[in-house]
Amino acid sequence: IKDGIKMANCELTKSEKEIMNIIWDAQSPLMIQEILDEVKKRYDKEWRPQTLSSFLRSLVGKGLLDYHRKNMFSFYWSCMSRKEYASCMQKQLLEEWFGGSRKEFLSEFVKACNVSKEIMEEVIGEME
């Protein structure tokens, strides 16, 4: 495990991302029924509890979630912030697609996102 997540399992499926967004937005740990209700509300999906449980197990296995069982209920919460997860994905992209070359990674990012010179100067100024 590196940076709180198993680096090889940093990638999420679309459904796992939807679940994580719900959990990241929550102010407290969520029960399965609360997550199911929010999935229906946000994404208009009707999952069975068993389906959601499979996704949650996967996310726990990847190190993104943890849970506590109290009586008949399990409460789930995130082990890392949305920003920490984004950082993990960036590191994975850097290694897998750019062979660790920060120069190539940044160059492609700047081109793909049309980052202006002004923004780059602002960011560099914040780093100093």
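Structure notes:
- Distance in nm between pseudo-label sites at I119 and K40 (7 Å out along the Cβ direction from Cα): 4.0
- For the chain, carbon and sulfur atoms together expose 54% of the accessible surface, with a 1.4 angstrom probe and every protein chain in place.
- Entry comment: accessible area of the chain is 71 Å² per residue, from protein heavy atoms only and a probe of 1.4 Å.
- Shape descriptor for the chain: Rg over Rh equals 1.07 (Cα atoms; Rh from the Kirkwood inverse mean 1/r).
- From largest to smallest, the equivalent ellipsoid semi-axes obtained for the range 88-128 from the alpha-carbon gyration tensor read 21, 12, 8 Å.
- Sorted on the mean count of surrounding Cβ atoms within 10 Å across their residues, most packed first, peptides 82-94, 114-126 read 82-94, 114-126.
- Potential extension, T13-A86 segment - 0.36 nm per residue separation minus Cα distance: 24.8 nm
- Where labels lie 7 Å past Cα in the beta-carbon direction, separation of F75 and E95 in nm: 3.4
- Cross-link pairs K45/K83; K14/K83; K40/K83; K14/K62; K17/K45 - those with Cα-Cα distance over 20 Å: K45/K83; K40/K83
- Per-residue [θ]222 nm for the chain (sum of -39500 (n - 2.57) over DSSP H runs n ≥ 4, rounded to 500): -18500 deg cm²/dmol
The values are calculated or read from the model by the stated rules, or taken from the named source; none is laboratory data. These numbers come from a predicted model, not from an experiment. Every residue, glycine as well, gets a Cβ built from its backbone with ideal geometry; the counts of neighbours run over all protein chains shown. Ligands, DNA and RNA are stripped out before the accessible areas are found, and what is left, the full protein with its side chains, is counted by its heavy atoms. Shrake-Rupley method; radii C 1.70, N 1.55, O 1.52, S 1.80 Å.
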